[in-house]
Amino acid sequence: MKLFDQLCVTALLAISIVDGLLVPRTYTGRIWIFGTMLALLFTCLLNILRIRNGRDVRGLKLSCITANVTMLVFAVALMASIGTTRTLQRPQVPLVTALLLAETALSLRKID
């Protein structure tokens with residue numbers, strides 16, 4: 001299960017970095033995409049700390065659960081706001097949502 005956890009967080013980290021690098025410089029709303037990318041990046045970094053340190057850091061698990069649920073709600077709200085057609089045209093959106101759902105479930109486990 002730890003390997004699956006690491007794969008999910010690595011995939012999220014890679015997607016957030018690539019997403020930030022692919023924003024066109026001429027796009028006027030790029031600051032919002034960068035903000036989302038940073039939030040996803042920080043969520044990934046918290047999950048990496050949770051995977052590596054488990055029970056050693058007090059409050060880390062709760063911080064991860066909070067970050068994961070917040071980003072998951074944001075991803076679901078994004079999909080709802082852009083609609084099914086536009087969501088399916090951008091496969092990274094459902095992929096990130098699925099990975100965030102997996103990370104949320106993994107952070108809720110009893111055993112680290």
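Annotations
- Between helix 92-107 and the chain: long-axis angle, C-alpha atoms, 0 to 90°, nearest 10: 10
- Checking every one of the chymotrypsin sites (Phe, Trp or Tyr not before Pro) in segment 1-37 against DSSP loop status and a limit of 11 other Cβ atoms within 10 Å picks out TYR27.
- The chain: mean projected area of Cα convex hull, nm²: 7.1
Every number here is computed from the coordinates shown, using simple stated rules; none is lab data. This is a predicted model, so every value here is computed, not measured. Positions of Cβ are generated from backbone atoms using ideal geometry, with glycine treated the same way; all protein chains shown enter the neighbour counts.
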